[in-house]
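Here is the structure we will look at, set down as structure tokens.
A short reminder: the numbers here are calculations on the coordinates, not readings from a lab. In this text, all values refer to a predicted model and were calculated from it rather than measured experimentally. Cβ sites come from the backbone with ideal geometry, for glycine too, and all protein chains shown count toward neighbours.
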Amino acid sequence: MSDQEYQPPKVWTWNKEGGGRFANINRPIAGPTHEKDLPVGKHPFQLYSLGTPNGVKVTIMFEELLAAGHKGAEYDAWLINIGEGDQFSSGFVSANPNSKIPALMDHTTNPPTRVFESGSILLYLAEKFGAFLPTDHVKRTEAISWLMWQMGSAPFLGGGFGHFYAYAPVKLEYPINRYAMEAKRQMDVLNRHLAENEFMAGDEYSIADMAIWPWYGALAKGLIYEAGEFLQVHEYTNVIRWTDQLGKREPVQRGRMVNRVFGEPSSQLHERHDASDFDTKTQDKIGEGT
């Protein structure tokens with residue numbers, strides 16, 4: 001049946017087998033599917049995540065904080081394998097009732113404070129450590145505005161363009177064209193802004209850059225959805241300049257490795273419990289084959 005022929009039923013019903021690549025983890029209800037506590041390591045912050053763009057935002061932030069000398073930002077990063085439904089455990093749902101990575105538990109408070117949604121985690125850490133969020137009123141507002149822009153825009157890129165172009169069980173012209181147009185519009189928004197600004201908040205590197213880079217930087221370099229040629233990403237030269245500039249930062253390189261279970265083995269650090277993990281690259285078998 002083509003998209004032109006489809007007529008929505010009067011009452012929607014869940015087709016468990018019709019969700020494409022992620023049918024086994026998508027469902028119309030919330031709550032846990034099984035009982036399992038989250039592990040807790042030795043550091044003040046416990047991160048439960050996966051090395052997707054939303055997870056990378058937070059591990060970059062932690063690595064940037066540590067590189068800037070904030071020793072109190074030490075963290076354990078535990079792998080949440082969403083392909084196997086780890087995000088539906090009772091422990092994870094307690095940390096994030098929305099069952100999406102990343103989720104953070106701050107054990108410097110009593111009781112521990114839960115923080116969920118990647119943008120909220122970035123803002124929480126920036127305010128807690130007084131770092132990577134400008135103190136100047138105009139620049140601070142600009143950084144927060146771009147952070148909110150990313151949080152509102154990325155679902156159209158990932159759940160919209162990425163889903164229909166790369167993951168949907170049937171390729172349909174209308175949604176692919178609709179979301180390709182939106183993806184290119186978003187890239188043009190960034191390209192125009194970065195033509196006049198070194199970073200998202202002007203001349204100051206901030207959590208806005210950390211939030212946007214894993215999504216749109218990867219798109220600009222043709223690293224997600226294999227859509228570089230389709231979207232002609234080479235046109236966005238200012239985004240590419242900014243992407244390369246951030247990619248040279250060592251904390252960004254480290255953050256990109258954490259909880260990563262795909263790509264070259266040398267780019268993966270499945271879990272991070274100590275800074276020395278980047279040197280030893282000791283890997284367990286969690287996430288193997290994903």
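Couple of notes before you dig in:
- For region 137-253, the dipole from Cβ point charges (+1 on Lys and Arg, -1 on Asp and Glu) about the Cα centre works out to 200 debye, to the nearest 20.
- For the chain, with +1 on Lys and Arg beta carbons and -1 on Asp and Glu, the positive-most of G247, T109, H270 along the dipole: T109
- On a per residue basis, the convex hull of the C-alpha atoms belonging to the chain measures out at 150 Å³.
- Magnitude of the charge dipole, the chain, Cβ model with Lys/Arg +1 and Asp/Glu -1, debye to 20: 420
- Extension reserve of the H273-E5 stretch, reckoned as 0.36 nm per residue once the Cα distance is removed: 91.2 nm
- Panel order for S99, S276, by other beta carbons found within 10 Å of each beta carbon, from fewest to most: S276, S99.
- Peptide packing for 108-118, 28-38 was compared via the average number of neighbouring C-beta atoms within 10 Å per residue; ordered from the highest value, the list is 108-118, 28-38.
- Secondary structure note: in region 1-152, about 55% of the DSSP beta bridges are antiparallel.
- HN-Hα J in Hz across region 143-150 - Karplus 6.51, -1.76, 1.60, θ = phi - 60°, x for Gly and Pro: 4, 5, 4, 6, 4, 5, 4, 5
- Charged-residue dipole, Cβ positions (Lys, Arg, Asp, Glu), region 1-101 about Cα centre, Debye nearest 20: 180
- Which listed pairs, of K57/K100; K71/K128; K100/K248; K184/K221, have C-alpha distances above 22 Å, in listed order: K100/K248
- Distance from region 164-242 to region 72-127 (C-alpha centre basis), Å: 26
- Working from label points 7 Å from Cα in the Cα-to-Cβ sense, the N177 to A30 distance is 3.7 nm.
- Largest GNM mean-square fluctuation across G247, G159, G255, computed for the chain with C-alpha springs under 10 Å, falls on G159.
- Among W215, W14, W149, sorting on how many other beta-carbon atoms sit within 10 Å of each Cβ, with the fewest leading, yields W14, W149, W215.
- The mean sequence distance of close C-alpha pairs (under 8 Å, at least 6 residues apart), as a share of the length of the chain, puts its relative contact order at 22 percent.
- Of the Cα atoms belonging to region 137-253, the radius of gyration and Dmax stand at 14.3, 48 Å.
- Efficiency of FRET between E235 and S90 - r from beta-carbon atoms, R0 41 angstrom, step 0.05: 0.30
- Vicinal HN-Hα couplings computed from phi for region 85-100 (Karplus, 6.51 cos²θ - 1.76 cosθ + 1.60; Hz; Gly/Pro x): x, 4, 6, 9, 5, 4, x, 6, 4, 5, 7, 9, x, 8, 6, 10
- Ranked for footprinting exposure by Cβ neighbours inside 10 Å, fewest first, Y124, Y216, Y236, Y174 give Y174, Y124, Y236, Y216.
- A simple spin-label model places pseudo-atoms 7 Å from Cα toward Cβ; at R185 and D244 they are separated by 3.0 nm.
- Overall form of region 105-181: oblate. Here a/c, set by the Cα gyration tensor axes a ≥ b ≥ c, is 1.5 or more, and a/b is not larger than b/c.
- For region 163-224, trypsin sites (Lys or Arg not before Pro) are listed when DSSP marks them as loop and at most 16 other Cβ atoms sit within 10 Å of their Cβ; the list is K171, K221.
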